[in-house]
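Structure, as structure tokens:
The values are calculated or read from the model by the stated rules, or taken from the named source; none is laboratory data. Please read all numbers here as calculations on a predicted model, not as lab measurements. Here the Cβ is made from the backbone with ideal geometry for all residues, glycine too, and neighbour counts use every protein chain on show.
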Amino acid sequence: MHFLSARRDVKHAFQELQRLYPMIVSKSLADTIITDVLDPLMDKFLADGIKEPSSKRMEPVLFPPGKVIHFYRDGVGVTGSVVPCDFFGELHISRRMVDDHLFFTGYQQIFLDLMRQHHKDHYFTFDAKSKPADDR
């Protein structure tokens, strides 16, 4: 029987009905409904849709939650675009990809370029004065 969990749930539901309404739902009625009605219906309508248990693991899928902003070099500076969460389903190889993902040459430089564009100040820096008190 492939439907042990579903069968167990129905059996528990009948046990609760027996406890609440013992004069209406007897144990023999519950057993009859499970074996003569539920089991054949489950075999007929659910058998094809339930997969056998497997020990084979699924391939991991990376799917970032929330909003995803893709920062990239546009030839002049850095641009950011909001993209769907499945945008990074493929890996695009480029000469700068490793450098772009390192902290000092990548992320920090990209955020520095963005802040310089935002403030329209080519000399903007992340100095100790602009950091929150907890980070000092």
Item to check | Test: residue 44 is surrounded by 12 or more Cβ atoms within 10 Å (Cβ to Cβ), on the phi < 0 side of the Ramachandran plot and not in a loop (DSSP other than H, G, I, E, B) | outcome: no
Item to check | Residue satisfying condition, being under 30 Å from residue 122 (Cα atoms) and either touching a strand residue (DSSP E or B) at 6+ places or on another chain (Cβ under 6 Å) or without any contact (Cβ under 8 Å) to a residue 60 or more places away in the chain (or both), within set 7, 19, 96 | outcome: 96
Next on the checklist: Can you say whether residue 76 is modelled with pLDDT under 80, loosely packed, with under 10 Cβ neighbours inside 10 Å and assigned by TED's automatic domain parsing to the domain that holds residue 99, as far as the supplied structure shows?
Outcome noted: yes
